[in-house]
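**Student:** Let me give you the structure first, and then I'll get to my questions.
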There are 2 protein chains.
Amino acid sequence: MYQNLLDHIAKFISLDESETQLLLATLEFKIVKKKENLLHAGQICHHQYFIAKGCCRNFIINDKGNEQTTQFGIENWWLSDFLSFHNGSVSDFYIQAVENSEIIAIEKNNMEILLAQVPKLERYFRLVLQKAFGASQMRIRYLYTQSAEERYHFFNDSFPEFTQRIPQYMLASYLDFSPEFLSKIRAGKV
Amino acid sequence: MYQNLLDHIAKFISLDESETQLLLATLEFKIVKKKENLLHAGQICHHQYFIAKGCCRNFIINDKGNEQTTQFGIENWWLSDFLSFHNGSVSDFYIQAVENSEIIAIEKNNMEILLAQVPKLERYFRLVLQKAFGASQMRIRYLYTQSAEERYHFFNDSFPEFTQRIPQYMLASYLDFSPEFLSKIRAGKV
DNA sequence: CGAAAATTTGACATGACTCAACTGGAGTGG
DNA sequence: CCACTCCAGTTGAGTCATGTCAAATTTTCG
């Protein structure tokens, strides 16, 4: 149940038996169905979510009432609204299952207690965030320098299997253009 | 010289005298002149840079040969190419002083040694990254939902003093539109 | 003071959006 | 298991936000 996470942690630090037990006692396992929300806009985000299996996304509802996907997560990624989590502010984000998924959640207060007991885990989370923030810098870089069509082809070439897993309208909003436009790119009509 | 950073760290964790000494022995102090680079595209980013005084930015050179600012940092912010730093890949970014600045740099290998000696600092860096990543999520969110004009007014209202400190062409590229367009927004001609 | 850099302005061009209509496929209930 | 619905995807026409380019003007700084 928690093995994927333990494996992921083991890539960065090693925990002994008692540390692992403390960790496991803190985690919550959750099965979520496709379209089910882990976080709803208007709530405070109290958790970080590790995707053990499946696929989830962050999105907001924009002024026109459309869903705007800002982030995808698949196996071995952490998703959260880190600003809301960090300072307890109300979130504008939804976190939603794109597929039926298995989630490992950690609650903020429990996480703090755990980190006090097992300080090594600070390192794990630091390294995970360092990598995620680096990826976010690249993401912004590509949003800035590529045209809509280039972004599609780049994404498609980089994650060919993933493109198959998600509906086009989610991908279009993630790549920051309209679903109609994605349809035209695919048809070669642009 | 290092006081700003010590104050910043003290907001998150407390260090005793010997820990502080180990930290100070690891840091490098740097004065950089306006336009001087801390990192040059094509290099590997071996440092994280804390801005003690002044203002710096990350930028890349795009296909058309124009500078594209992807991030600003002022007092009490850390700048780096975190992906290059994390996995030793070659960076596409420049990190450059926008004003004459005072920088505290920490080198990756030395940082690892320090973190082994003073594990508490893992927590400091984790919290800094958590906040930075949260800010990055908001940034992406606004890039997605606001028009060019809205982005300008929002930025201006959020950081009125800061707008005065930086040239318009840098702000335009940061907000992802052309300098001419920024000029027209300011003139009310749009 | 002079040269180089930054900003402004206007004319024109275009990438991507909107809207509306149509098509196709997946899920559901009778 | 068929028929119906509904949601996702497609297509085309028209529009608009923002870009490009070039020239004029202002500011900065050595």
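Any read-out appearing in this document is the output of simple, stated calculations on the displayed coordinates, not a laboratory observation. Predicted model only: the values in this text are computed from it and were never measured. Reconstructed Cβ throughout: ideal geometry from the backbone, glycine too, with neighbour counts over all protein chains shown.
**Student:** Per residue of B:169-178, what is the mean number of Cβ atoms on other protein chains within 10 angstrom of that residue's Cβ?
**Tutor:** Taking the mean over all residues of the peptide, I get 1.
**Student:** Additional query: Treat the stretch A:1-109 as a sphere of radius equal to its Kirkwood radius over Cα pairs and apply Stokes-Einstein at 10 °C in a medium of 1.306 mPa s; give the translational diffusion coefficient in µm²/s, rounded to a whole number.
**Tutor:** My calculation gives 110 µm²/s for D.
**Student:** Just report the Cα centroid separation between the stretch A:23-44 and the stretch B:115-161, whole Å.
**Tutor:** 24
**Student:** Relative contact order (percent) for chain A, with alpha-carbon contacts under 8 angstrom and 6 or more residues of separation?
**Tutor:** 24
**Student:** Further, regarding this structure: Give me the angle, in degrees from 0 to 90, between the Cα long axis of helix B:148-158 and the longest principal axis of the Cα atoms of chain B, rounded to the nearest 10.
**Tutor:** The two axes meet at around 50 degrees.
**Student:** Per residue of A:142-150, count partner chain C-beta atoms within 10 Å of its C-beta, then hand back the mean as an integer.
**Tutor:** Numbers: counts 0, 5, 10, 10, 2, 1, 0, 0, 1.
Across A:142-150, the average partner-chain Cβ count within 10 Å equals 3.
**Student:** Rg and Dmax of the stretch B:63-150, Cα atoms, in Å?
**Tutor:** 15.8, 49
**Student:** Of A:Lys131/B:Lys30; A:Lys64/A:Lys131; A:Lys30/A:Lys108; A:Lys120/B:Lys30; B:Lys35/B:Lys64; A:Lys30/A:Lys120, which sit over 28 Å apart, Cα to Cα?
**Tutor:** A:Lys64/A:Lys131; A:Lys120/B:Lys30
**Student:** I'd like to know how the protein assembly as shown sits against the 2.2 N^0.38 Å rule of thumb: what's its Cα Rg over that expected value?
**Tutor:** 1.01
**Student:** Next question, about the same structure. Going by alpha carbons, how many degrees (0 to 90, nearest 10) lie between the helix axis of B:120-145 and the longest principal axis of chain B?
**Tutor:** Rounded to the nearest ten degrees, it is 10.
**Student:** Starting from the Cα gyration tensor of chain A, take the square roots of the eigenvalues, sort them a ≥ b ≥ c, and report rounded, prolate or oblate (rounded when a/c is under 1.5, otherwise prolate if a/b is larger than b/c, else oblate).
**Tutor:** prolate
**Student:** What is the local net charge at B:Asn4, summed over the other residues whose Cβ is closer than 11 Å to its Cβ (Lys, Arg +1; Asp, Glu -1)?
**Tutor:** -2
**Student:** Next question. Could you work out the mean count of beta carbons from other protein chains within 10 Å of each residue's beta carbon in B:101-107?
**Tutor:** Details: counts 0, 0, 0, 0, 0, 0, 0.
For peptide B:101-107, the averaged partner shielding equals 0.
**Student:** Sticking with this structure for a sec: How much net charge surrounds B:Lys53 when only other residues with a Cβ under 10 Å from its Cβ are counted (Lys, Arg +1; Asp, Glu -1)?
**Tutor:** In short, -3.
**Student:** State log₁₀ I(q)/I(0) for the stretch B:120-174 at q = 0.24 Å⁻¹ as given by the Debye formula over alpha-carbon point scatterers of equal weight, solvent excluded.
**Tutor:** Here the Debye-derived log intensity ratios amount to -0.97.
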